[in-house]
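A.B. asks: Okay, handing you the structure first.
Each value in this text was obtained by applying a stated rule to the coordinates, not by laboratory testing. Note that the structure is predicted; figures quoted are calculated from it, not measured. Ideal geometry is used to build each Cβ from the backbone, glycine not excepted, and the neighbour counts take in all protein chains shown.
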Amino acid sequence: MKQQLIQPQEIEVFYILPAIRSRMASALKKNGKSQKEIARLLCVQESTVSQYLSSKRAANVKFNTAINNEIVSAAKKIATKESLIRETQHILDKVRASKEVLCGLHKAVADVPDGCEACFGK
């Protein structure tokens, strides 16, 4: 059952941010980082990283190729909490600009009117 009203920011918090972290965890693993190191870099628990890597958490969000490439690139730049925030915000900016991801998720989980443009100032 779809929720009657859910704000776009809630979509980001509950769906998009975990999906970004999940993709970052996979990219970091491919770059040779241990699960413990990935947890430290992403500021999450090791068990969360395990769930990300086994696709048990945040696997239902699909990003387009451009956003996936941004995530892989961002994972290479993460070394501090500040860089994690900066890179995550950069990716979120790209997601917000893509109606495909944000609006698609919003319509999937909430009762969104047809032709809704509220997030885009219309």
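A.B. asks: List the relative contact order of the chain as a percent without decimals, with contacts defined as Cα pairs under 8 Å and 6+ residues apart. Please report the intermediate quantities before stating the final value.
C.D. replies: Working: 105 pairs, mean separation 43.3, N = 122.
Relative contact order of the chain: 35 percent.
A.B. asks: Please find the FRET efficiency linking Lys30 to Ser83, where r is the Cβ-Cβ separation and R0 is fixed at 22 Å, and quote it to the nearest 0.05. Please list the in-between numbers first.
C.D. replies: Values: r = 18 Å, r/R0 = 0.84.
Once rounded, the FRET efficiency stands at 0.75.
A.B. asks: What is the extension gain from Glu10 to Glu46, computed as 0.36 nm multiplied by their sequence separation minus the C-alpha to C-alpha distance, in nm to one decimal? The partial results should precede the final answer.
C.D. replies: Working: separation 36, 0.36 × 36 = 12.96 nm, distance 2.44 nm.
Residue separation times 0.36 nm, minus the Cα-Cα distance, leaves 10.5 nm.
A.B. asks: Using a Debye calculation, one point per C-alpha and no hydration shell, please list log10 I(q)/I(0) for the chain at q = 0.09, 0.13, 0.19 Å⁻¹ in order.
C.D. replies: -0.26, -0.52, -1.00
A.B. asks: Once you have the Kirkwood Rh of segment 44-95 from its Cα pairs, apply Stokes-Einstein at 20 °C and 1.002 mPa s and quote D in µm²/s. If you can, show how the numbers build up before the last one.
C.D. replies: Working: Rh = 12.1 Å.
Estimated diffusion coefficient is 178 µm²/s.
A.B. asks: Got a sec? Charge dipole of the chain, +1 on Cβ for Lys and Arg, -1 for Asp and Glu; which of Ile20, Leu92, Gln45 is way out at the positive end?
C.D. replies: My answer, from the dipole projection, is Gln45.
A.B. asks: Using +1 on the beta carbon of Lys and Arg, -1 on that of Asp and Glu, and nothing else charged, what's the dipole of segment 4-122 about the Cα centre, debye to 20? Show your work: numbers first, answer last.
C.D. replies: Working: 19 positive and 12 negative charges, 124 e Å.
Using only the charged Cβ atoms, the result is roughly 600 debye.
A.B. asks: Checking the cross-link filter: which aspartates and glutamates have an alpha carbon closer than 20 Å to that of Lys2, excluding same-chain neighbours under 8 positions apart?
C.D. replies: Glu10, Glu12, Glu100, Asp111, Asp114, Glu117
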